[in-house]
Every structure is written in C-alpha cells, then in structure tokens.
1. Quick check: is even one residue across region B:22-33 in the same structural domain as residue B:209 (by TED's automatic domain parsing) and assigned to a strand (DSSP E or B)?
2. Could you tell me which residue of region B:166-195 is farthest from the other protein chains (Cβ to nearest Cβ), considering only residues that are farther than 22 Å from residue B:56 by Cα and among the aliphatic types (A, V, I, L, M)?
3. Taking the criterion of being surrounded by fewer than 16 Cβ atoms within 10 Å (Cβ to Cβ) and in a loop (DSSP other than H, G, I, E, B), would at least one residue in region B:330-343 satisfy it?
4. Could you please give the count of residues in region B:216-233 that are more than 10 Å from chain A (Cβ to nearest Cβ) and farther than 20 Å from residue B:187 by Cα?
5. Would you be able to say whether some residue in region A:11-20 is assigned to a loop (DSSP other than H, G, I, E, B), surrounded by fewer than 16 Cβ atoms within 10 Å (Cβ to Cβ), of a type in the set (Asp, Glu) and within 12 Å of chain B (Cβ to nearest Cβ)?
6. List the number of the failed condition for residue B:124; all other conditions in (1) surrounded by fewer than 18 Cβ atoms within 10 Å (Cβ to Cβ); (2) touching a Gly at 6+ places or on another chain (Cβ under 6 Å); (3) in contact (Cβ under 8 Å) with a residue 40 or more places away in the chain hold.
7. Would you confirm whether or not region B:416-431 contains a residue that is out of contact with any Lys or Arg (no Cβ under 9 Å at 6 or more places or on another chain) and within 24 Å of residue B:180 (Cα to Cα)?
8. Would a scan of region B:190-204 turn up a residue that is out of contact with any Ser or Thr (no Cβ under 6 Å at 6 or more places or on another chain), in contact (Cβ under 8 Å) with a residue 60 or more places away in the chain and over 23 Å from residue B:28 (Cα atoms)?
Amino acid sequence: MTNLEKYTQIFTTVFEIEESKLKDLEYQGIKAWDSVGHMSLISEIEDCFDIMLDTDDIIELSTFEKGKEILKKYDIEI
Amino acid sequence: MFFNKQDKNAFAAIQDNGECITYNQLKEASQSMSGQIPKRSLVFSLCENSIGSLVGYTSFLDNQIVPLLLDSGLDQELLAHLIEVYQPGYLWVSDQKKADLLKQHPEYHQTLEAYNYTLLKTTYEPSPLYEDLALLLTTSGSTGSPKLVRQSYKNIQSNAEAIVEYLEITDRERPITTLPMNYTYGLSIINSHLYKGATILLSNKGLMQKEFWTFFKKEEATSFGGVPYTYEMLKRLRFFRMDLPSLKTMTQAGGKLSPELHKEFAQYAQEHQKRFYVMYGQTEATARMSYLPYKDSLRKYGSMGIAIPGGKFSLIDVDEKEITEPEITGELVYQGPNVTLGYAEEREDLAKGDENNGILTTGDMAKRDKDGYYYIVGRKKRFIKIFGNRVNLDETERMLKTAFEDMECACSGVDDKMKIYITDETKKEIVKKYVSEKTGIHFSAFDVKHISEIPKNEAGKTLYIKLEETVNALID
C-alpha cells in the first residue's frame, strides 16, 4: 500500500466516511470528527507511520489536506 | 450572589471572539431582564460558552426566574419532548438557534435581545414553582430524559462558597472553559469564580483546536477543569511538554481518573509548581462533595480526598448501618447544605419542597483509608459515564426499544464504552448511528453486539450478569 492509500484508509476507517468526501473534510465538518474522533485519528496516524506528532501539529491537523503537509515534516511523503 | 462584592469595572467574562463584559454590564443586563419577565417564570436556557448564555444565567438567578439549563446542541426531538413535559413560559436561545425555533413554532414571539441571545415567549401558562427553587439541571442530558435535579438558592451559594474556600479562589483567577455551562461541573466553575469577582474566559473551542490554545495563551488562563477523558486527551497532546506559565490550577471531576493518570498529573503539577485537585461530585449535590488537597495529590493518588468545607461523608453497609472501620467498602452517603431539593419528573414536581433534607445516598461504593481519605470503588446504579456525561443504561435501552420496536436490546458496559446487545444482527450499524446521533456522543463509545436472545428471569427482567457471561463464553 502507498502512503497515500494508508493515509486515506485511516480517515475512511476512523470517521466511517467515503473516500470521495475526504477532499474538503475538516475538523467538526462531520459529527464523527470531534475531539474524540481527533484522538483516534492522531493515534492511528502515529501507529501507522511510526511517528510521534508534536502538540502544534496535533492541533493544526484540522483538514485532510493539511495532514499531508504536516506529515512531510516527519519525512513521510504522501 | 454575583453582584455584591465584585468590582463593578472588572471583567466578568471574556469571549474568544474578543467580546467582553464587566460586572456592571452584567448587572445592567439583569435589570433590563427584570422588566421583561415575571419572577418565578420557568425558562429553558439553551447554553453555550458565550457571553449571551452567561448573561441569561446570571440574570435569571438574580431575578428569581428559574432556568433549566440545556445544551444548545441538544437533539431537536429531545428538546421538543422536554418542552412538552415542562411547558416553559420562555426560552433563552442564541440568535443562530432562534430562526429554527421560530419556524417550528410561529406562536412564539421575541421579547428581548441581548448579546446575541434572544428571549422567546411561548404560549404556555405559568405553573407554581417552589419558593426556594433556583435552577434545574438534567440528570442525563444526552438521553433527553425528563428527570431533572432541583437546586435551591442556598444550594448554589453554599457550594460556591465551599469551592472558593478549598480552591482558594481570588478575583485574580482567569479560568478557561473546557466544559459546557449546562453541565454541573462546568457551571460550578462559573459560579465559584463569579462569586469572587474573577474573570471567566469563555470558549466553545476544544482542547484539540488551535484556537483554544491561542486564546489560552493570549488571555493568560490560570486554571481549567476536566473530566477523565480531558486528561487522557491532554496526555496525548504532550501536555507535559507544553509551556503554560500562566496556568496555576487544574481540577478534575466527572468520573474516576485512572490512578496512573492521576499520579502522572500530580507529579507534573508538583514539579512545575502547579496545583492539581481531584474531586468528586454529583448534580444531586449541586456540584462538588469532595476534593483531594493538592499537597496530598501525589501521596494519595487514586483517592477522591475528603469532604468539602461544610460537608460530611459516611459509609453504610447493606443493612444501612454505618461502617466505622477503615478499608471496608460501603455505599457513600453525603450530608451538607449543597444536597439538592430532589428530582422532578413532571411539571407538577416543580412545586415540591425539599425531599432530601440535606442527606444524599450517592449510589457510589467507596472505602476510607486509615487517614480518612475516600476512594471510589464502584457504582450501585445502572449508569456509566461517557466522556464525563452520565448516561443511564435503562434510559438508553428504553430509547432504543421505542425506536426499534421489532428487536430486543440490553445495555451495559464500563465508563467511556457502552455495550449494546441487540437480537437483530442486520441493525448493528443503524443502532450505533442512532444512539450516537441522539446522545451527541461519538460513535466509537458504543459497541453494538449481536446476541440471539437476551437472558431474562421469570419476571422478564434482564439478567445483566448472565448477559456478560453468555457473550464472554461466545468469544472464548
């Protein structure tokens, strides 16, 4: 699986949402992405890519697209 | 209680959009409310952490108007049901909510607007309210149960005074909101700080949002409160590495924090010259009943501490005899001026007087160590806490049985994880979605499992222990 596929699958699984809706997805844009959903998202991303995100990155990861940029800082190319 | 000793020109609240309000303005808002709405009216206040919501609350209390505090995001059907049961004369709603409500109820009309909130008058006739009744709160807000707790003026004042005393609150405090205002613990933070003339930092943003932390740092928050789940989130946020020089105090209530997490936060607080208080409370006791003094936080981690000033605990065995020996588990009983008047389940109950007489049998099982510190060990009643919200298991069952008539169901579980057993395998997803939508709680907190038959006794009562055994046997 490519990094993009892994990254996409984390979102579709954690939020139980279709892939087509991810493009414009943002924090609190759907019910499932609340603080609880955010915690699950972060822990899945950290486990999957074997990284530890900094506080600033955890709170800035507020859209599907933004997450890709943040992961670059951890040398994960998506 | 909010307009006596406070400095008139001090800020009572600052909102994250930059708006603020002084104690003097808060008082003026209360005065303009008094001409608009008769004393002893019943109001449903749809709360959020905003100045408008706060203004409503303090004005109602100041004018002897009785509000029921509800979450602004409460499911519409559940709200409609509560309105039908209690027939409030007025609703206090944010301007965003107003349009929806007026569309559904063209018979309501606007009487007053202030700070982006509006007072709507319904067509219901007033009914008698007990003279000392000050405030109504829900017991299990998320399931929309009409069971309410009735709090008196004395309850609110005595609990605020006790909290001020043991937390040593001064007018220099700047607590930031992390909990809803309609939630007893969130409200107790507001009450105790306004009482001392402090400045509340109001935000609807959560810990997982950048805006929250920007506001926190800009306005130099000095304290916050959190439920166990808040502290789990903080740990994941690498809170221990954050630089928050303005922060002095952290409090925890709303369920039992795991002893490990308690220890970690106590350790952090000690090393960084901050105070960490673990506390215990219930809506039935206005808000708080115990606190663990911050100096004991590390030494006694896992404990909920001692009774608040003016309160007293005891433990009783199954025969209701008092337990005097240490380390023996019994049901926790609390006595104090903050024990509320009782419950209401229908409109007529709002006229009832004090039914508890200052004594509350908590439904929690606890023990006391030889130094007199208390520890919660379990729960007698059928409810769990999910992310700090009390969710009654029987009420959830009833809600599901009404919505899904052709299937049987039973609910059990532990804090932060409800197990729902259903007899129709095809409904697993839809049940999960339904219960999450109705309660407003994230779906990951619900584990829906299929079972061919719900075990029951001859009287038709669900056998929950057998249910767990049956399911565990299937998994093994």
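1. Pass one, region B:22-33, residues in the same structural domain as residue B:209 (by TED's automatic domain parsing): B:22-33.
Filter once more, keeping what is assigned to a strand (DSSP E or B): B:22.
Yes, the conditions are met somewhere in region B:22-33.
2. Checked region B:166-195; the qualifying residue farthest from the other protein chains (Cβ to nearest Cβ) is B:169.
3. Scanning region B:330-343 turns up no residue that is surrounded by fewer than 16 Cβ atoms within 10 Å (Cβ to Cβ) and in a loop (DSSP other than H, G, I, E, B).
4. Residues meeting the conditions: 4.
5. yes
6. It fails just one condition, (3).
7. Checked region B:416-431: at least one residue is out of contact with any Lys or Arg (no Cβ under 9 Å at 6 or more places or on another chain) and within 24 Å of residue B:180 (Cα to Cα).
8. Yes, there is a match, as at least one residue in region B:190-204 is out of contact with any Ser or Thr (no Cβ under 6 Å at 6 or more places or on another chain), in contact (Cβ under 8 Å) with a residue 60 or more places away in the chain and over 23 Å from residue B:28 (Cα atoms).
The values are calculated or read from the model by the stated rules, or taken from the named source; none is laboratory data. Predicted model, so just to flag it, every value in this text is computed and none were measured. Glycine also receives a Cβ, built like all others from the backbone with ideal geometry; neighbour counts cover every protein chain displayed.
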